[in-house]
1. With unit charges on the beta carbons (Lys and Arg positive, Asp and Glu negative) and the dipole taken about the Cα centre of the chain, which residue among Gly21, Ser67, Asn42 sits farthest to the positive side?
2. Order these peptides, 91-97, 25-31, by their mean beta-carbon neighbour count within 10 angstrom, highest first.
3. Over every pair of different alpha-carbon atoms in region 79-126, take the mean of 1/r and invert it; report that Kirkwood radius in Å.
4. Using DSSP H assignments, which helices in the chain have an axial alpha-carbon span of 30 Å or above and a mean Kyte-Doolittle hydropathy of -0.5 or higher?
5. Tell me which residues come under 5 Å, amide H to amide H, from Ala64 once H is placed; ignore anything under 5 positions away on its chain.
6. What is the Å³ per residue value for the convex hull set by the Cα atoms of region 3-122?
7. Place +1 on the Cβ of every Lys and Arg and -1 on the Cβ of every Asp and Glu in the chain, take the dipole about the Cα centre, and give the residue among Trp121, Ser78, Met92 whose Cα lies farthest towards its positive end.
Amino acid sequence: MNKSLVTKFARFALTGLLLTGVHTILAAAFIELVSALPPIANGLAFASATVLSYLINTHWSFSAKLSRSTFRKFLIVSVFGFVLAMLVSWLMQLAGYHYLLGILAVALCVPPVTFLLHNFWTYKTP
């Protein structure tokens, strides 16, 4: 594995951790300060974190320029990642595993898949 790919993945992973925190803070703020219902608060937090994730990952993780094309692809990969997370979690539940193993499976599966999609499709890095 080349160093550039490892560096990009490390930056992508750090960005993901940061944005998980941002999502959590925003959702709590919407609930506590605006009295938003949790599903609405989480939806707004997810949308906000996704846009911020695009900005950070485009500039820092993949050293690319902002464009409509990459934003559209980024959103498609984000939705795919969401669906994949739901599918993995559902399959783990069907298999009878504890929900924490389902969460672990999602955490181990979704980020590498979405990283590869972004690296080789969204940002077309050879």
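1. Checked the options; the winner is Ser67.
2. Numbers: 91-97: 12.0, 25-31: 16.6.
The packing order, highest mean first, is 25-31, 91-97.
3. Values: mean 1/r = 0.0886 Å⁻¹.
After inverting the pairwise mean of 1/r, the radius is 11.3 Å.
4. Values: long enough: 3-34 (45 Å, 1.32); 68-94 (39 Å, 1.34).
Passing helices, by number: 3-34, 68-94.
5. His59
6. Numbers: hull volume 13.6 nm³, N = 120.
Looking at region 3-122, the number lands at 114 Å³ per residue.
7. The Cα lying farthest towards the positive end belongs to Trp121.
No lab work stands behind these numbers, since they all come straight from the coordinates. This one's a predicted model, so the numbers in the text were calculated from it and none came from an experiment. Positions of Cβ are backbone-derived with ideal geometry, glycine not excepted, and every protein chain shown enters the neighbour counts.
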